[in-house]
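In what follows, a single structure is set out as structure tokens and then discussed.
Here, each number is a calculation from the coordinates, and none is a lab measurement. Given the structure is predicted, the values throughout are model-derived calculations rather than measurements. A quick note on method: Cβ atoms are made from the backbone with ideal geometry, for glycine too, and the neighbour counts reach across all protein chains shown.
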């Protein structure tokens, strides 16, 4: 059993659900979700494969998780089957070390007929590592999974 399997099994035992996405998200993850007090919570365990040349979490990997977390919550909160990212703004506040887990409970700021406004404060324990805001458009197209 490798490190990714060990981390996955522990998070599953703790009540987290693995995103079953194929393609890029499967490669970029693993990403997990669960309901906490009726709201989606998401987490991203940082593995060796996410390392940048400074020995920390690669910023692009965190950006992918941010997009997934806020987009997933936009769909969940609006009961929309599919959305697409219109805009996403991030501020990297602190570095993330290998072996740490990034958590977020995103907030829906507003939803209109077509747009969903989202924000999130991404944390490792009590430490803020990223702040993000974005807009998602509800779309008619069905995801292939």
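The range 3-138: D in µm²/s via Stokes-Einstein (Kirkwood Rh, Cα pairs, 37 °C, 0.692 mPa s)?
It diffuses with D of about 218 µm²/s by this estimate.
List the relative contact order of the range 3-138 as a percent without decimals, with contacts defined as Cα pairs under 8 Å and 6+ residues apart.
RCO, the range 3-138: 21 percent.
Within a 10 angstrom radius of the beta carbon, how do 100, 26 rank from fewest other beta carbons to most?
Listed from fewest to most nearby Cβ atoms, that is 26, 100.
Assuming R0 = 22 Å, can you tell me the calculated FRET efficiency for the pair residue 22 and residue 82, based on Cβ-Cβ distance, to the nearest 0.05?
0.90
Using a basic spin-label model with each label point 7 Å from the Cα along Cα→Cβ, how many nm lie between residue 3 and residue 128?
According to this spin-label approximation, the distance is 2.9 nm.
Tell me the angle of helix 59-78 to the major Cα principal axis of the chain, expressed in degrees between 0 and 90 and rounded to the nearest ten.
Tilt relative to the chain: about 40 degrees.
Taking the chain as the reference, fit the longest principal axis to its C-alpha atoms, fit the long axis of helix 3-13 to the helix C-alpha atoms, and give the angle between the two in degrees, 0 to 90, nearest 10.
60 degrees
As a test of the formula, what do you get for the chain when each DSSP H run with n ≥ 4 contributes -39,500 (n - 2.57) and the sum is divided by the residue count, at 222 nm and rounded to the nearest 500 deg cm²/dmol?
Mean residue ellipticity, 222 nm, calculated: -7500 deg cm²/dmol.
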